[in-house]
Amino acid sequence: MTWIPDAYTLPTGDHPLRAAAFDALFADALVGAGRLGATRARLVFAAAAEARVRDLVTRDQACRAPFRFTVEEPALGRVAVEVAVPEEHTSDLDALVVRATAAAGARLAAPLPKSPRPTPAPGAAGRELS
């Protein structure tokens, strides 16, 4: 399972650098991750990382065509990113959530504030958010 879909247009030689940038962001600032449904996930970061989140998401959106990133306005000291994919890319989304969760480690043990988002599909990867 890979979190880099075949349609990713970033030159192959740059993949490790982009993956390292995401891993560093996940390790430094991710405070929550989970599925919102079969084709949607939510990544929640410390608000202090907002500029890094927006920069990386903007750069990655340009070459990760199947993924759609929506960065929400910061609230409660956090900034959330909703990630949506077409149905045929749900395994790529699973892999992204798993990678994010693994990179963040123990920081994800703390409960997240409730959000008005729908409940994730049963069996979806990552922590369920409501």
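Worth a mention:
- Any pair with Cβ under 8 angstrom, 6 or more apart, that starts in the stretch 21-45 at a residue that is under 16 Å from ASP60 (Cα atoms) and free of Cβ contacts under 8 Å to residues at least 60 places away in the same chain and ends at one that is open to solvent by 10 Å² or more (accessible area, probe 1.4 Å) and of a type outside the set (A, V, I, L, M, F, W, C): LEU25/ARG52
- Of all residues making up the stretch 22-38, the number that are in contact with a Ser or Thr (Cβ under 7 Å, 6 or more places away or on another chain) and open to solvent by less than 40 Å² (accessible area, probe 1.4 Å): 1
The values are calculated or read from the model by the stated rules, or taken from the named source; none is laboratory data. Values in this document were obtained by computation on a predicted structure and should not be read as measured data. Using ideal geometry, Cβ is built from the backbone for each residue, glycine included, and neighbour counts are taken over all protein chains shown. Each accessible area value is taken on the protein alone, full model and side chains, heavy atoms only, with ligands, DNA and RNA left out. Shrake-Rupley method; radii C 1.70, N 1.55, O 1.52, S 1.80 Å.
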